[in-house]
Structures are given as structure tokens and as C-alpha cells.
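**Student:** To start, I am sharing the structure in question, which I have written as C-alpha cells.
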Amino acid sequence: FIKTKTPVPVGTEVDLRFTVIMNDIETIEGVGVVVRVETDPPGMGVVFKELSGYSQDLINKLLTRGK
């Protein structure tokens with residue numbers, strides 16, 4: 001979910017670039033698609049469409065961490 005006062009319409013492709021803290025600060029980059037728009041809190045739900053191999057590995061590590 002991306003908090004924003006100016007969400008784009010459902011179906012819009014968006015370029016993604018954000019940081020996560022793991023053992024170090026890492027950057028995840030890719031393309032997503034807006035799947036929902038909310039007003040409270042304002043923002044939009046985005047699903048990943050394309051990720052670099054490195055970014056996909058980071059997401060997988062985040063999802064399996066703590067299991």
C-alpha cells in the first residue's frame with residue numbers, strides 16, 4: 001500500500017523504488033500495477049508486475065524471514 005493524496009487510477013502501471021532495512025539498507029526496484037484506490041487513509045494498493053532478479057531475491061528473503 002502506498003500512502004498518497006494523489007493516487008492514480010486502477011490499472012495504471014507505476015515505477016517502484018523503495019528501501020527496506022535488512023542487514024543493510026537495500027533498494028527494491030520494479031514495476032507495479034495499481035489494483036485498488038482508498039480514501040481513508042488515502043492511497044493505493046499496488047501489486048508487483050516486474051522486479052529485477054536482485055529485488056525479487058530481497059522480497060523472498062523478507063517474506064521468509066522470521067519463519
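Every number here is computed from the coordinates shown, using simple stated rules; none is lab data. Quick caveat, the model's predicted, so the values are computed rather than measured. Using ideal geometry, Cβ is built from the backbone for each residue, glycine included, and neighbour counts are taken over all protein chains shown.
**Student:** Where the second residue is of a type in the set (Asp, Glu) and the first is more than 11 Å from residue 46 (Cβ to Cβ) and lies in the range 8-26, which pairs have Cβ atoms under 8 Å and are six or more apart or on separate chains?
**Tutor:** 17/29; 19/26; 20/26
Residues are listed down the side, and each one gets a yes or a no for (1) of a type in the set (Asp, Glu); (2) more than 11 Å from the chain's Cα centre (by Cα):
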{"site": "8", "(1), (2)": "no, yes"}
{"site": "11", "(1), (2)": "no, yes"}
{"site": "24", "(1), (2)": "yes, yes"}
{"site": "50", "(1), (2)": "yes, no"}
{"site": "60", "(1), (2)": "no, yes"}
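**Student:** Also, quick follow-up: Among the residues of the range 30-58, write down those that are within 24 Å of residue 5 (Cβ to Cβ) and either of a type in the set (Asp, Glu) or in contact with a helix residue (DSSP H, G or I) (Cβ under 9 Å, 6 or more places away or on another chain) (or both).
**Tutor:** Answer for the range 30-58, where residues must be within 24 Å of residue 5 (Cβ to Cβ) and either of a type in the set (Asp, Glu) or in contact with a helix residue (DSSP H, G or I) (Cβ under 9 Å, 6 or more places away or on another chain) (or both): 30, 38, 40, 48.
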